[in-house]
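Please read the structure below before turning to the comments.
The values are calculated or read from the model by the stated rules, or taken from the named source; none is laboratory data. In this text, all values refer to a predicted model and were calculated from it rather than measured experimentally. Glycine gets a Cβ as well: all are built from the backbone with ideal geometry, and neighbour counts include every protein chain shown.
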Amino acid sequence: MWSDPRAAGLRPPDARPTVRATVLRHTALIVAAAVVLSALVTAGVWAVAQGEARRTAERVATQVGAAVMVPLTARDYAQPLDRADLLRDLDPFLRSGVVHRVKVWRVDGDQAEIVFSDEPRIEATRRGTDLGLGRRIDAGETVVLSVPDDPEHRFESARADELLEVFVGFRDAGGNPARLEVYVPVDVAGTTRSAVVVLLPIALGGLLLLGSAMLALSVALARRIDRDRRERADTLHYGLAASDLARRDLARWLHDDVIPDLAGAGLLLDTAAGSGSGELVGRARSMIGEDVRRMRALLTELVPDRVTGETFVTAVRALAAEAGADVEVDGVPDVGDDAATLLHRIARQLLHNAAGHAGASRVLVRLGAAGDDTARLDVVDDGRGFDADRPPPPGHVGLLLVRRIAEESGGGMWVRSTPGAGTAVSVTLPAALRLPGRVQVPQ
């Protein structure tokens, strides 16, 4: 069994679009676009919600700071602190849920200490100061940060996704730098869900309307492409079938007119020869007899037997024998009548090319399979060859016609040729090929 051209990376062109395939592709494209659009809308709303949450946290912290800044700045946090008194100032914001937690930091050089919090277990916690953060706060900026996951925030980490920490700077009664840190509840996830519920149906509805409108256009275009493809296939098949029609017309003319006239002329010459008309009449009779013999042989060539799936191999063998070609048969699948007829015509065209253009002294025809349901025809010659990468010269359209017919029929054609080293042409066709609107050749 020879190697399949497809195994070497050579494949026939994809089948042309059909209405069903177009609808499926269009639907898949709409679904993919819907998924992408949903992801983009959700991501966009999430980003907007996060930005809005930070602005809300900053606004709440500024309002809380403005409300308690006077009592906060009236205390010296280097001295013992009346915790209950400070808690009374901040308790309204804590009880109302405006803030979740409050911390007051005292900055001492490169260290910072929590001197007050509504969670007393973290009071007296010390850590090194962040110089960059300190400069931003001392410059009057209200700094909003996400809640980190560390021991200092162990009492807030359970709600880290729902809180933002906001720092507001001030100086205490002793003139020392201090920080008010409040934890503001935010609901980014809830805000995102609410916005997505409103926006996404509108976006998807618009996409669906656009997709539906485009689907009708795609279906109409697919139908037109299918119609054009069928018409092109009919035209290409006619290119080979027309030669059969011309051959049969010529054969009918020879059979009905020329050969009877020549045979009649032979009889007249026989009569003339019998009456002593001489040697010249005998020579003319001999020439007419030879012409009649050649024309009868030509009739056999012009009007081949009808090719069916059952007679396919025999018909190709006979065709090759007439051209003086060898034949190899290996595992030919059961081919239908249409595939048999088309492959037979293609074989005749390729053998004609080998004899008429290649000047080959030896031609080999191979029949076999290129898969379970694909028939393959190879015609190999030792002729003069040509450059397969260059377009054919004017008038040499046989290979181009074969290629287009094979591809339009769901198969393919591959040519391997080198100048001076012969040519090998491989053609594959579906064994169960049904030719649309195939030209019927009169018998």
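Checking Leu250, Leu180, Leu164, Leu221 one by one, the residue that is at pLDDT below 90 and either out of contact with any Ser or Thr (no Cβ under 8 Å at 6 or more places or on another chain) or surrounded by 16 or more Cβ atoms within 10 Å (Cβ to Cβ) (or both) is Leu250 and no other. Among the criteria (1) at pLDDT 80 or above; (2) hydrophobic (A, V, I, L, M, F, W, C); (3) part of a loop (DSSP other than H, G, I, E, B), the one Ala360 does not fulfil is (1). Of everything in the range 307-340, what is polar (S, T, N, Q) and either in a loop (DSSP other than H, G, I, E, B) or at pLDDT below 85 (or both)? Give them in sequence order. Answer for the range 307-340, where residues must be polar (S, T, N, Q) and either in a loop (DSSP other than H, G, I, E, B) or at pLDDT below 85 (or both): Thr308, Thr311. At least 1 residues being touching a Pro at 6+ places or on another chain (Cβ under 9 Å) and in the same structural domain as Leu81 (by TED's automatic domain parsing) is the threshold, and among the strands (runs of 3 or more DSSP E) wholly inside the range 112-172 those reaching it are 163-171.
Checking the stated criteria, Ala375 turns out not to satisfy the condition of being modelled with pLDDT under 85, outside any helix (DSSP H, G or I) and not basic (Lys, Arg).
Filtering the range 90-111 to residues that are part of a helix (DSSP H, G or I) and of a type in the set (A, V, I, L, M, F, W, C) leaves Leu90, Phe93, Leu94.
State whether one or more residues within the range 61-84 are assigned by TED's automatic domain parsing to the domain that holds Phe170, within 23 Å of Ala160 (Cβ to Cβ) and aromatic (Phe, Trp, Tyr). No.
Among the conditions (1) touching a residue at least 24 places away in the same chain (Cβ under 8 Å); (2) surrounded by fewer than 18 Cβ atoms within 10 Å (Cβ to Cβ), Val379 misses just one, which is (2). Contact annotation: residue pairs with Cβ atoms under 7 Å, 6 or more positions apart or on different chains, pairing a residue in the range 118-143 that is under 22 Å from Val98 (Cα atoms) with a partner that is surrounded by 12 or more Cβ atoms within 10 Å (Cβ to Cβ) and hydroxyl-bearing (Ser, Thr, Tyr), are Glu123/Ser117; Thr142/Thr62. Mind checking whether some residue in the range 402-410 is in the same structural domain as Phe312 (by TED's automatic domain parsing), out of contact with any Ser or Thr (no Cβ under 8 Å at 6 or more places or on another chain), hydroxyl-bearing (Ser, Thr, Tyr) and touching a residue at least 24 places away in the same chain (Cβ under 8 Å)? Among the residues of the range 402-410, at least one is in the same structural domain as Phe312 (by TED's automatic domain parsing), out of contact with any Ser or Thr (no Cβ under 8 Å at 6 or more places or on another chain), hydroxyl-bearing (Ser, Thr, Tyr) and touching a residue at least 24 places away in the same chain (Cβ under 8 Å), which makes the answer yes. Is there a residue in the range 62-79 that is surrounded by 13 or more Cβ atoms within 10 Å (Cβ to Cβ), hydrophobic (A, V, I, L, M, F, W, C) and closer than 30 Å to Ala189 by Cα? Checked the range 62-79: at least one residue is surrounded by 13 or more Cβ atoms within 10 Å (Cβ to Cβ), hydrophobic (A, V, I, L, M, F, W, C) and closer than 30 Å to Ala189 by Cα.
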